[in-house]
Amino acid sequence: MVPSAQPQSRGCATAAVVAVVLVLVLLAAAAIWYVIERDTPEEGDFATAPECSVAETRTLDELVPDHALEVEEPVGSAQTLSGEGWQCRWATQGGPGEEVPAIATLVLVAAPDPGGVATATDNLRSTTDQYETRQLEGIGEEAVAWVQEDPYTVSCVAARVSNLYLEACYSVAASYDAQSPGDEERIVAGAEEFAASVVEALPDSVPE
């Protein structure tokens, strides 16, 4: 005897159940990933900060002619939560009338892991909060700039690359006698050029 209605295909029902189970598995995996990522601090690329020599590029030669490295000192320590690194200072060494005096300074601090990226972000925020800053694009993963006018005009750029915080500053005199600062636009442009050249010269990482 032929039934009045054909039975439903069990294959379709099974496929539907498998699809539901697969969706639930994916949702569960996504939830686990979210919890792990949220609770696991992002590690950085720099076990230590590069030394001052990383900034000695053609850009520094152009911005600070006839320069010498006057300061190369460690900052922080392995026990410092914010990290450790270097502070550097270059200045024009020519005699009167030879070169218009200029100066560039740099701070490089690698924040320790775990959580080095978050710490470097905090370093940038806490260091620059005291200034009236403007956002910059194209220098590191985030960057801001500001100008100080006391006791003389200096422009600075602070940037973060992974767990590395860097702060590059620049100033130049208006003339050979160095009695007055140069044009502010020139100083601001110089600071951005210097910071960009340092970021470009950084290695991809510094292993332990």
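Checking the structure you have, find out if any residue of segment 81-89 is aromatic (Phe, Trp, Tyr), under 28 Å from Gln179 (Cα atoms) and surrounded by 14 or more Cβ atoms within 10 Å (Cβ to Cβ). Break it down into steps so the answer makes sense when it comes.
Quick first cut of segment 81-89, residues aromatic (Phe, Trp, Tyr) only: 86.
If we keep only those that are under 28 Å from Gln179 (Cα atoms) too, we end up with none.
No, segment 81-89 contains no residue that is aromatic (Phe, Trp, Tyr), under 28 Å from Gln179 (Cα atoms) and surrounded by 14 or more Cβ atoms within 10 Å (Cβ to Cβ).
Answer yes or no: is there a residue in segment 84-92 that is under 20 Å from Asp204 (Cβ atoms), in contact with a helix residue (DSSP H, G or I) (Cβ under 9 Å, 6 or more places away or on another chain), touching a residue at least 40 places away in the same chain (Cβ under 8 Å) and in the same structural domain as Glu193 (by TED's automatic domain parsing). Within segment 84-92 (the criterion being under 20 Å from Asp204 (Cβ atoms), in contact with a helix residue (DSSP H, G or I) (Cβ under 9 Å, 6 or more places away or on another chain), touching a residue at least 40 places away in the same chain (Cβ under 8 Å) and in the same structural domain as Glu193 (by TED's automatic domain parsing)), the answer is no, since none of the residues qualifies.
Of all positions in segment 124-141, at least one carries a residue that is under 13 Å from the mean Cα position of the chain (by Cα), surrounded by 19 or more Cβ atoms within 10 Å (Cβ to Cβ), more than 22 Å from Glu62 (Cβ to Cβ) and aliphatic (A, V, I, L, M).
The sole residue among Val147, Val107, Val117 that is assigned by TED's automatic domain parsing to the domain that holds Pro181, under 15 Å from the mean Cα position of the chain (by Cα) and in a strand (DSSP E or B) is Val107.
The values are calculated or read from the model by the stated rules, or taken from the named source; none is laboratory data. Predicted model only: the values in this text are computed from it and were never measured. With ideal geometry, Cβ positions are generated from the backbone for all residues, glycine too; neighbour counts draw on all protein chains shown.
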